[in-house]
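Here the structure is laid out as structure tokens; the discussion comes afterwards.
The values are calculated or read from the model by the stated rules, or taken from the named source; none is laboratory data. Remember, predicted model here, so these are calculated numbers, not experimental data. Ideal geometry is used to build each Cβ from the backbone, glycine not excepted, and the neighbour counts take in all protein chains shown.
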Amino acid sequence: MAPAGPRSGDAIFASVERVNAELFTLTYGAIVRQLLTDLEEVEEVNKQLDQMGYNIGIRLIDEFLAKSNVSRCVDFKETAETIAKVSMKAEVTWIRDVLRGDDAFELQVKLLKQVPEEYPYKDDE
Amino acid sequence: MAREVSESCVDSLLTEMVSTYCNRFYANKPDLAARSIEAIGYQVGHQLSERYTMDRPRFSDHLEAIKFICKDFWSELFKKQIDNLKTNHRGTFVLQDSQFRWLSRVSVDLSENGDVSQDNPEATAENKAAQVTSMHLYFPCGIIRGALSNLGIPCAVSADISNLPACELLALFAN
């Protein structure tokens, strides 16, 4: 382990520039709404959202690594633990309202720790 | 106390939104991309102005509404107010933000010799960069249009970024 331990999520969050969370949540909701208008198919919308999320995730992890002072994770268990314990305190709470056909839907999503899908999660190490 | 997120979340989301619409969906149809981005902004502005005016009485006139946009609304979004407001008192308002937060990290290199011929790949790349930058502006334009529309003032909003990082937003009221 590196001599200087990883910074806590609270400390990191206190040190970065922060903005109004409502702007973030409403923007995301508006994006989903517009995607549904433009693409019409829910599956296609989800595919695009997944791609967007992936691209955003790559960028956020760079910032996370730069700010949190963690050493390189040896395996995926450590990765998951690190994300769970030291994750950026940028929680967005979303709940999905599945009333189709209702134009004025409200979307709220809860961002949990991200689990990489391609690799099996090693339990016993 | 209002909840907060790190600014990089908003920055990433906006950048990704513009990139998706400009590069993936409407790669050769910037007008359609612009329309969608502006529509997203409109939705956000509409809802935000709803929340930020819940506890106050209706605005008495257009100037009061614009001043609300310049002060309280802008502060909620960008932690600062509009730096300069100009009007011709006939329905045209110019809102000037001398350090527009969402463009503060955008670099636009102006071509030194002003060569915009097709043979110059650098100029083409710079034009493309300028085009992408201007795409980002459709979102705040939409926000203002949505906010004013919710306050009962239909209008058209456009932006001018010839003086980065300053941004001038032009609001034209319908009547």
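Cβ contacts < 7 Å: first residue in a helix (DSSP H, G or I), restricted to the range B:1-29; second residue at pLDDT below 90 and small (Gly, Ala, Ser), any location; separation 6+ or different chain. Result?
As it stands, the answer is B:CYS9/A:ALA90, since those pairs meet every condition given.
Determine which single condition A:GLU40 fails, assuming it passes every other condition in (1) at positive phi; (2) at pLDDT 90 or above.
With (1) at positive phi; (2) at pLDDT 90 or above applied to A:GLU40, the lone miss is (2).
Yes or no: B:CYS9 at the interface with chain A (Cβ under 7 Å from one of its Cβ atoms), of a type outside the set (Gly, Ala, Ser) and buried (at least 16 other Cβ atoms within 10 Å of the Cβ)?
Yes.
Going by what's in this entry, would A:LEU23 be described as within 11 Å of chain B (Cβ to nearest Cβ), part of a helix (DSSP H, G or I), buried (at least 16 other Cβ atoms within 10 Å of the Cβ) and modelled with pLDDT of 85 or more?
Yes: the conditions hold for A:LEU23.
Has the range A:54-75 got at least one residue that is closer than 24 Å to B:LEU32 by Cα and either modelled with pLDDT of 50 or more or more than 9 Å from chain B (Cβ to nearest Cβ) (or both)?
yes
Could you pull out the residue among B:SER19, B:SER60, B:SER36 that is surrounded by fewer than 18 Cβ atoms within 10 Å (Cβ to Cβ) and more than 30 Å from B:HIS89 (Cα to Cα)?
On the way: B:SER60 fails: more than 30 Å from B:HIS89 (Cα to Cα); B:SER36 fails: surrounded by fewer than 18 Cβ atoms within 10 Å (Cβ to Cβ).
Criteria check complete, one pass: B:SER19.
Is the range B:146-165 home to any residue that is within 8 Å of the chain's Cα centre (by Cα) and under 26 Å from B:ARG56 (Cβ atoms)?
No, the range B:146-165 has no match at all.
What's the number of the condition B:LYS67 fails, among (1) more than 14 Å from chain A (Cβ to nearest Cβ); (2) modelled with pLDDT of 95 or more?
Just one mismatch for B:LYS67, condition (2).
Check B:GLN99 against each of (1) closer than 24 Å to B:GLU7 by Cβ; (2) away from chain A (no Cβ under 14 Å); (3) outside any helix (DSSP H, G or I) and name the one condition it does not meet.
All conditions are met except number (2).
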